[in-house]
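This report concerns only the one structure given below.
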Amino acid sequence: MTQTVTDAKAVKVPTLPDAQKVTEVTHWTDRLFSFRMTRPASMRFRSGEFVMIGLMGDPDPKTGKQKPLLRAYSIASPSWDDELEFYSIKVQDGPLTSRLQHIKVGDEIILRPKPVGTLVHDALLPGKRLWLFATGTGFAPFASLLRDPQTYEDYDEVIITHTCREVSELTYGATLIESLKTDELMDELIGAENLAKLRYYPTTTREQSPKMGRITDLMRDGTAFADLGVPQPTPETDRAMVCGNLAFNLEIKEMLEGYGLEEGANSDPKHYVVEKAFLD
Ligand code: A2P
């Protein structure tokens, strides 16, 4: 069951340096939540990038001084959105997320408005099919890219795979993808023809669901390609963005290299790009 709290009231001037106000918090499971906050008017970013966000740390026992406690978070909202959205895990003894999970509408969050990252269209050469491979909270940068019209304009087909342990961990992504089809704003911004290019391939590894298994295994034995009716990726036609836990990133990177795809960067666009999902 999800719980969303929103605040439509005017936003007060923040008191912390670089602080933004929380406007919405949604708890998806006892381990996952997302939140939205105000966006500085001057802040520009490319869909798929990340920023440093956080809270003030506890006072130093000796000096009493407080320092910001910041972590890299992928921006889950698209570049055209007035607000910023983030999707996070809750780690009970994690220095930041143990506290961040308790934020409420109206609270302040520190944001360093200097976005960076490699999961951007600029780091990929033109291609026909875009693969977005996520595990767990690695879905976040794709929540941004999936709401960006460019993602569909640049490709004939967009396939997002999301592997989680349990079905409930797919809900944030599944809800977002559903909203792309039903939300009038999305229809207007992206267009039905573009949205028809999107394919969603969710899998779970530790709870029964229509598609069980790690995406890496499902690709290795050909199941994923057969299910989707597409051939194995090739450097001529396919591009990929990867965001998940470290072991997943390494494994899929090796597989993509095996298909002949090469890793790109902002300064040197190629066939695929990788970023590690934030873990506290
Ligand atoms: P598994 O349950 O088999 O470990 P986590 O919550 O640990 O970050 O994992 C998120 C999802 O990523 C889980 O479904 C997990 O599967 C899967 N996963 C972990 N490591 C890999 C890997 N090397 N390749 C593919 N999927 C992985």
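The values are calculated or read from the model by the stated rules, or taken from the named source; none is laboratory data. None of the values given here were measured: they were computed from a predicted structure. With ideal geometry, Cβ positions are generated from the backbone for all residues, glycine too; neighbour counts draw on all protein chains shown. Accessible surface areas use protein heavy atoms only, side chains included; no ligands, DNA or RNA. Shrake-Rupley method; radii C 1.70, N 1.55, O 1.52, S 1.80 Å.
Taking the chain as a Gaussian network, where each spring joins two C-alpha atoms under 10 Å apart, which residue of G264, G127, G57 fluctuates the most?
So, out of G264, G127, G57, the one fluctuating most is G57.
Pairs K114/K276; K114/K181; K21/K114; K21/K104; K128/K211: which exceed 20 Å Cα-Cα?
Numbers: K114/K276 18 Å; K114/K181 32 Å; K21/K114 18 Å; K21/K104 9 Å; K128/K211 26 Å.
Result: K114/K181; K128/K211 exceed 20 Å.
So what is the accessible area of the chain per residue, in Å², with the probe set to 1.4 Å?
47 Å²
Rounded to the nearest Å, what's the spacing between the alpha carbon centres of the stretch 150-172 and the stretch 12-77? Just the number, please.
The two parts, judged by their Cα centres, are 25 Å apart.
Loop only per DSSP, at most 11 neighbouring Cβ atoms within 10 Å: give me the chymotrypsin sites (Phe, Trp or Tyr not before Pro) in the stretch 19-114, ordered by residue number. Please report the intermediate quantities before stating the final value.
Details: sites: W28, F33, F35, F45, F50, Y73, W80, F86, Y87; in loops: W28, F45, W80.
In loop regions of the stretch 19-114 (DSSP not H, G, I, E or B), the sparsely surrounded chymotrypsin sites (Phe, Trp or Tyr not before Pro) are W80.
Label the chain by shape, choosing from rounded, prolate and oblate, from the square roots a ≥ b ≥ c of the eigenvalues of the Cα gyration tensor; if a/c is under 1.5 it is rounded, and otherwise prolate applies when a/b is larger than b/c, oblate when it is not.
On the way: a/c = 1.68, a/b = 1.59, b/c = 1.06.
Prolate shape, in that a/c is at least 1.5 and a/b is the bigger ratio.
Viscosity 1.002 mPa s, temperature 20 °C: Stokes-Einstein D of the stretch 83-151 from its Kirkwood Cα radius, in µm² per second?
145 µm²/s
Tell me the mean residue ellipticity at 222 nm calculated for the chain from its helices only (DSSP H runs of n ≥ 4, each -39500 (n - 2.57), averaged over every residue, nearest 500).
Dividing the helical sum by the residues of the chain leaves -5500 deg cm²/dmol.
Distances longer than 19 Å among the Cα atoms of the stretch 121-276: what percent of all pairs is that?
51 percent
Could you pull out the longest piece of the chain with no exposed loop trypsin sites (Lys or Arg not before Pro) in it, calling a site exposed if DSSP puts it outside H, G, I, E, B and it has at most 12 other Cβ atoms within 10 Å?
Numbers: sites that count: K9, K12, R44, K62, K65, K104, R206.
The reported range is 105-205.
At q = 0.19, 0.22 Å⁻¹, what is the log10 ratio I(q)/I(0) for the stretch 19-116, with the Debye formula run over Cα points and no solvent?
Log-scaled intensity ratios, in q order: -0.91, -1.18.
Aspartates and glutamates near K270 by alpha-carbon distance under 20 Å, same-chain residues fewer than 8 away left out - which ones?
List returned: E49, D122, E153, D154, D156, E157, E236, D238, E251, E254, E257, E262.
In terms of modelled amide H atoms, which long-range or inter-chain residues lie less than 5 Å from the amide H of K276?
none
Quick check for me: using +1 on Lys/Arg Cβ and -1 on Asp/Glu Cβ, what's the dipole size of the stretch 121-276 about its Cα centre, in debye to the nearest 20? Mind showing how you got there, number by number?
On the way: 15 positive and 27 negative charges, 93 e Å.
I would put it at about 440 debye.
Which percentage, to the nearest 5, of the DSSP beta bridges contained in the chain is antiparallel?
55 percent
Could you work out the relative contact order of the stretch 103-217? I mean the mean sequence separation of Cα pairs under 8 Å and 6+ apart, divided by the number of residues, in percent.
26 percent
Taking the chain as the reference, fit the longest principal axis to its C-alpha atoms, fit the long axis of helix 246-258 to the helix C-alpha atoms, and give the angle between the two in degrees, 0 to 90, nearest 10.
Helix 246-258 sits at roughly 30 degrees to that axis.
Taking only Cα atoms, what is the 0 to 90° angle, nearest 10, from helix 171-182's long axis to the longest principal axis of the chain?
For 171-182 against the chain, the angle is about 70 degrees.
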